[in-house]
Amino acid sequence: MISFFQPVGQADPLRASADARNPGSPEPEDIPVTPLAEVEAALTLRGRGGLFVDFDETLLLDNSTAAYLRSLRPRMLAWFILKLITLSRVWLLFPGDRRKHVYHDWLRVVIPTILMPWSLPLWRWHHAPRIARESANTPLINLLKQPANRPTAVVSLGFGAVVRPLHDRLLPGVPLVCGTFLGGFRLRSTGKRKHLEQAFGKGAVAGSTVITNSENDRDLLDACAVPVVAAWSDARVAAPFADLYIPFRYMERAKRPGQRYLLNGVIKYDIVAIVLAYAWDMPQPVLAALGLALIHLAVFAVYEAGYVDNDVSGSKWEKRPTLHSGYEDHARRFSVVGAFAVAIAVSVLGAVLLNIAEVQGSLPLIALAKVVVVDVALIGGLFGAIFLFFRIFNRSAPDSRSVLYPLLQTLRLGIYGVLASATPSGAALIAAICLGRWYPYMIYRVANVRPEGPTFLLVLVTFLLIMAFITPIAPASVLTIQFGVILAWLTFRARRAILAYVKEYRLVDGRGRHN
């Protein structure tokens, strides 16, 4: 059904409801759909003023800005640039109380276009014609092409370089009012009403008919004579990167939602341990640490493919799989090819840094290239081994996986032994972490209970036990700074469990009672 917006201070012309959606926002469950006949009836009330028609999700059954961002290539680079814009919140550098509304979308269009200058030509000649053809609101366009219904102007908060190639294929010859590429924020700042009053006069706006999909145009709807807020059943706005493979997104949102696992489990746990174990004794430990960190992120991009396969396999074969809501949607977006491509690309840079770190002086470029090629080939083979072993693990009976689990953890943390040598303390740390993760997993598989125990205290005790066996063979291994740093790090991470244990520690008297 259609309804018409009730302007403040005016008699009730015709009453309507609206669907005011923003690009990329969740689609409402109940979208009020507008029969075309009711829009046509509204046009018979057209007064002495103009006819102004909204562009996004009205004339075009899409959002021009979202469609342009979807068209950016390569998509991974575009996603990275837009992610930096969002994380940096660069719009806060501008004045005003409504800075995000005014500048956010403008920055998301301008910055990638400047950094990727081929984007606008590709949009104009390749993407825009297809979008205009696929998303045209043909019934409304045919209605507006009638002489009596010809619009005074099409209005958009979008940006001319993006909107015009679409508009010229939908309603050519009708004036388009929109923001410019470099000054597109100004229309968002002033609002459609003031802009149209400056362009056509207050009288033309006061007596006008306005067709829009959104009550967000309230300033203009308040000022016009016949406000039409219409929702269209075919309007679809896909988020720019909803279907794009993003490294670690599955892990963060589907496998371990809310845990910030990339930060807490991979960076602050795995990478710190790997750096302490393998980079400590290298000639250039800082470069070695950076190289190992990059290689481990590459490893985890492939490891994430195992997570996806684990959930998909569990949903098929396990009676009570541990799955989080929405995992199917995220699994569909995941790309194994994309994961391997990202892993190889990142590992190349990691291998370069690691090889530079392994020599005292400079390394000739040709020699470096040869060593990096060999290392990347070796790392690629390790990626394949991790992926295949994870698939074997996922297809094993749940009660048989407890034997395979420590091998899986060894592939995750111990494979760096083929790239860099570990000291006794470093090897003991890696072994302690693998064993410390294995114990709770065995309990989970045997008793079907996930133990909530002091993980780092368990790793600390295991590390000390392993070092107790190593010390008689290599007594100097406990007299190193590396051993002290590892011990301090594990103690710090286990501090709460240690304090809780000390606080709760009790002796028993002769009758077996706790003191």
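The values are calculated or read from the model by the stated rules, or taken from the named source; none is laboratory data. Keep in mind that this is a model prediction, so the values were computed, not measured. We place every Cβ from the backbone using ideal geometry, glycine too, and count neighbours over all the protein chains shown.
Name the single residue that is surrounded by the fewest Cβ atoms within 10 Å (Cβ to Cβ) among those in segment 394-418 being more than 31 Å from the chain's Cα centre (by Cα) and in a loop (DSSP other than H, G, I, E, B). Per the stated criteria, the residue is 397.
Taking the numbered list (1) modelled with pLDDT of 85 or more; (2) part of a loop (DSSP other than H, G, I, E, B); (3) surrounded by 15 or more Cβ atoms within 10 Å (Cβ to Cβ) in turn, residue 283 passes all entries but (3). A Cβ distance below 8 Å, combined with a sequence gap of six or more or placement on separate chains, defines the contacts here; from segment 166-183, residues that are without any contact (Cβ under 8 Å) to a residue 12 or more places away in the chain reach no residue that is among the β-branched types (Val, Ile, Thr) and part of a strand (DSSP E or B).
Do we find a residue being outside any helix (DSSP H, G or I) and among the polar types (S, T, N, Q) anywhere in segment 354-363? Checked against the condition, which is being outside any helix (DSSP H, G or I) and among the polar types (S, T, N, Q), segment 354-363 yields at least one hit. Within segment 86-111, work out how many residues are assigned to a helix (DSSP H, G or I), closer than 27 Å to residue 217 by Cβ and of a type outside the set (Val, Ile, Thr). Number satisfying all stated conditions: 11.
Of the candidates 458, 435, 465, the single residue that is out of contact with any helix residue (DSSP H, G or I) (no Cβ under 6 Å at 6 or more places or on another chain), at pLDDT 90 or above and either surrounded by fewer than 17 Cβ atoms within 10 Å (Cβ to Cβ) or outside the structural domain of residue 359 (by TED's automatic domain parsing) (or both) is 465.
Checked against the criterion of being under 30 Å from residue 357 (Cα atoms) and free of Cβ contacts under 8 Å to residues at least 24 places away in the same chain, the candidates 461, 403, 371, 418 yield just one match: 371. A residue that is in a helix (DSSP H, G or I), touching a residue at least 24 places away in the same chain (Cβ under 8 Å) and crowded, with 20+ Cβ neighbours inside 10 Å can be found somewhere in segment 221-230.
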